[in-house]
Number of protein chains: 2
Amino acid sequence: MAEVNNKQIILKHYVSGFPKESDMIATTATINLKVPEGSNAILLKNLYLSCDPYMRNRMNKLEGSYVQSFKPGSPITGHGVARVLDSGHPNFKKDDLVWGITGWEEYSVITAPETLFKIHHTDVPLSYYTGILGMPGMTAYVGFYEICSPKKGEFVFISAASGAVGQLVGQFAKLLGCYVVGSAGTKEKVDLLKNKFGFDEAFNYKEEQDLDAALKRYFPDGIDIYFENVGGKMLDAVLLNMRLHGRIAVCGMISQYNLDQPEGVHNLFCLIAKRIRMEGFLVFDHYHLYPKFLDMVLPYIKEGKIVYVEDISEGLESGPAALIGLFYGRNVGKQVVAVARE
Amino acid sequence: MAEVNNKQIILKHYVSGFPKESDMIATTATINLKVPEGSNAILLKNLYLSCDPYMRNRMNKLEGSYVQSFKPGSPITGHGVARVLDSGHPNFKKDDLVWGITGWEEYSVITAPETLFKIHHTDVPLSYYTGILGMPGMTAYVGFYEICSPKKGEFVFISAASGAVGQLVGQFAKLLGCYVVGSAGTKEKVDLLKNKFGFDEAFNYKEEQDLDAALKRYFPDGIDIYFENVGGKMLDAVLLNMRLHGRIAVCGMISQYNLDQPEGVHNLFCLIAKRIRMEGFLVFDHYHLYPKFLDMVLPYIKEGKIVYVEDISEGLESGPAALIGLFYGRNVGKQVVAVARE
């Protein structure tokens, strides 16, 4: 088979401060749509690519981190949904659908395909496997059920609540019978939280002069569970409003990722006075729970008990803007890049 | 019976910043050495009083805190060891020895004596019930065994390690087979850690320009367990040196208690990357474990497997200086005030 063109999104250089679209560039390489004879690799046609906050860290020059840096001059990598075009691996065959780590390009060769998940349920939008049925969905599931030790009736606060993870955590908490409040950065997102995702309350943190006062308004009796996605000032205000024996699942700190020096958090003494457990987690440690997670969440989606909002940007070329948009809060719901539909 | 004089240490006013001896004053009241007819109260002769870092918070004007403010114009209260002189309570009789919350005075009337612990083992120094056999001992026990989930061979770091709690945590960790390093603020204390308490290593944090570098020197493979007594810059440096799935028991933050605004902690993102559990606790929640604790620690003391260092200051009048000294690191070992010997 002849080689074909392969559009790619390349990281030009390591980034400091807020990333810009121009830190990435679209280019075109060529690729042979067959895996080499005798190889274990598989060849993917990428359909949907996922924009996730943790990708900001990979634009830094990292050493000894839990993730690897992107390689300047090479395509960005991240989670995505793809179709197998050719396979040298016994577990995969042509036309299998998979999700997992792939390249920001039209076609990718995956040399260690064991890390990919096969998609068996196709009666939901395939793009969902970048979100509610993929890494962010598992993150919400693990963070809420495994880390927060939630109980019916508890008071739950979620920051960045309209994002891929936050919207699910809130709905899980509502299904369990918790009181749920979320924060987000626009009126549109706040409306979404209250009217679409069924949060009890939501507020725009950008319109609050005093986050402590805002939290006291929504949680006069305090917060049992905080699902932390933002860090910094919000965390400081939350610490003042936690209840005794509260739990903080530390999932992300997106407000800090573009700062040269992270903001200081001043109210950690509250951990003692209120006997708070604060625990960081990474979804990668918990993927053995994925089948259990699917068994729970697929029926919820089909019965309409959980809704899910995506912000789909069209075409690989739109990828840099979509990814950068995360850090300006431009996305409404889970940010996805559609490279191809089938 | 006639009234007798009762020397007392009074808090003059609420304190901000570093406390001074002159924030307290010695005075003399009178007291009748009988409890009123029909009362449930007991009358104590105070023997040993405990100086504990958490007492600094009680000098503040507090609202809704886990402890109550001292009352300006009234005697300070705190943990102590005392002998019962008279009792209107069925559980206590004359000459019983007790430990628990009492007043900084020669004689105290305790109106709710149910909170006191009776002392049954008197073949150890009575002053030990202000420390290794009292609240600080239980703090070390609960914090290490219940909060840190320690395992043999793990790497343990303890700050303020020569204090009442730290010296015990380190010895518990050594008995379990951990590698143990402590920090303290003088050469004398560092020597004590290494030569008396059997820590593997110890260092003087005041002599380290770069706490991160110091920790990397003692923990080239990182820290599994951090027993946090100080907060601030040390916590920030520790976060950079924690291992995957590390645990931080947050027991105290003495470096922050005299600051108007606590220092900011910048490296909390490490909680995520390293999946760290950070948990605050208060010993009060765990007193049901006290008999189990005594069963463990009394034989260790009698067999010499655990040693214990006290810094005993003589006379009630020496109390203010002893208490203030905690915040300047003047005490070597557990700070006690001896009011009377029997």
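Points to keep in mind about this one:
- Long pairs among B:Lys20/B:Lys196; B:Lys61/B:Lys187; A:Lys274/B:Lys187; A:Lys12/A:Lys118; B:Lys45/B:Lys71; B:Lys20/B:Lys334, criterion Cα-Cα beyond 24 Å: B:Lys20/B:Lys196; B:Lys61/B:Lys187; A:Lys274/B:Lys187; A:Lys12/A:Lys118
- B:Ile132 accessible area, assembled protein chains, probe 1.4 Å, Å²: 0 Å²
- Based on Cα contacts under 8 Å between residues 6+ apart, chain A shows a relative contact order of 18 percent.
- Contour excess over end-to-end distance, with Cα ends at A:Thr30 and A:Phe327 and 0.36 nm allotted per residue: 103.7 nm
- Rounded tilt (10° steps) of B:290-302 against the dominant C-alpha axis of chain B: 80 degrees
- All-pairs Cα distance distribution in the range B:13-110, expressed in whole percent, bin size 10 Å: 15, 41, 31, 12, 1
- Note, ³J(HN,Hα) from phi for the range A:124-140, Karplus 6.51, -1.76, 1.60, rounded to Hz, x at Gly and Pro: 10, x, 4, 4, 4, 6, 8, x, 4, 9, x, 4, x, x, 4, 4, 4
- Solvent-accessible area buried by pairing A with B, both sides, nearest 100 square angstrom, 1.4 angstrom probe: 2500 Å²
- Rel. contact order, % - alpha carbon contacts under 8 angstrom, at least six apart, the range A:135-284: 22 percent
- Sulfur and carbon atoms: percent of accessible area, chain B [1.4 Å]: 50 percent
- Burial order of peptide ranges B:31-44, A:319-332 (average beta-carbon count within 10 Å, highest first): A:319-332, B:31-44
- Taking the C-alpha atoms of the protein assembly as shown, convex hull volume expressed per residue in Å³: 173 Å³
- Couplings 3J(HN,Hα) of the range A:187-202, computed from phi: 4, 4, 5, 4, 4, 4, 4, 7, 9, 9, 8, x, 4, 5, 8, 7 Hz, in residue order, whole Hz [Karplus 6.51 cos²θ - 1.76 cosθ + 1.60, θ = phi - 60°; x for Gly and Pro].
- Ellipsoid equivalent to chain A - semi-axes via the Cα gyration tensor, in Å: 36, 22, 17
- For the pair the range A:87-154 / the range A:1-60, the C-alpha centres are spaced 18 Å from each other.
- Heavy-atom accessible area, 1.4 Å probe, ligands and nucleic acids excluded: residues of the range B:60-74 down by at least 20 Å² from chain alone: B:Tyr66
- Take the Cα of A:Leu289, step 7 Å toward its Cβ, do the same at B:Asp285, and the gap between the two points is 2.1 nm.
- Value of Rg to Rh for the range B:5-45 (Rh from inverse mean 1/r over Cα pairs, i.e. Kirkwood): 1.17
- Accessible surface, the range A:135-284, averaged per residue in Å² (probe 1.4 Å): 34 Å²
- Ranked order, A:Thr77, B:Thr122 - accessible area, probe 1.4 Å, largest first: B:Thr122, A:Thr77
- Short-range pairs are left out: with C-alpha atoms under 8 Å and at least six residues apart, the relative contact order of the range A:187-254 is 28 percent.
- Helix-only mean residue ellipticity at 222 nm for the protein assembly as shown, each DSSP H run of n ≥ 4 adding -39500 (n - 2.57), per residue, nearest 500: -6000 deg cm²/dmol
- Pairwise centroid distance, computed over Cα atoms, of the range B:215-270 with the range A:219-291, Å: 16 Å
- Less than 5 angstrom separates the built amide H of B:Asp311 from those of B:Lys334, B:Gln335, B:Val336, all sequence-distant by 5 or more or on a different chain.
- Heavy-atom accessible area, probed at 1.4 angstrom with all protein chains present, ranks B:Glu63, A:Glu310, A:Glu154 as B:Glu63, A:Glu310, A:Glu154, highest first.
- Cα convex hull of the range B:129-248, projected area averaged across orientations, nm²: 6.7 nm²
The values are calculated or read from the model by the stated rules, or taken from the named source; none is laboratory data. Note that the structure is a prediction, hence the values are computed from the model and not measured. When we count neighbours, we look across all protein chains shown, and the Cβ atoms used for this are built from the backbone with ideal geometry, even at glycine. For accessibility, only protein heavy atoms count, side chains too; no ligands or nucleic acids. Shrake-Rupley method; radii C 1.70, N 1.55, O 1.52, S 1.80 Å.
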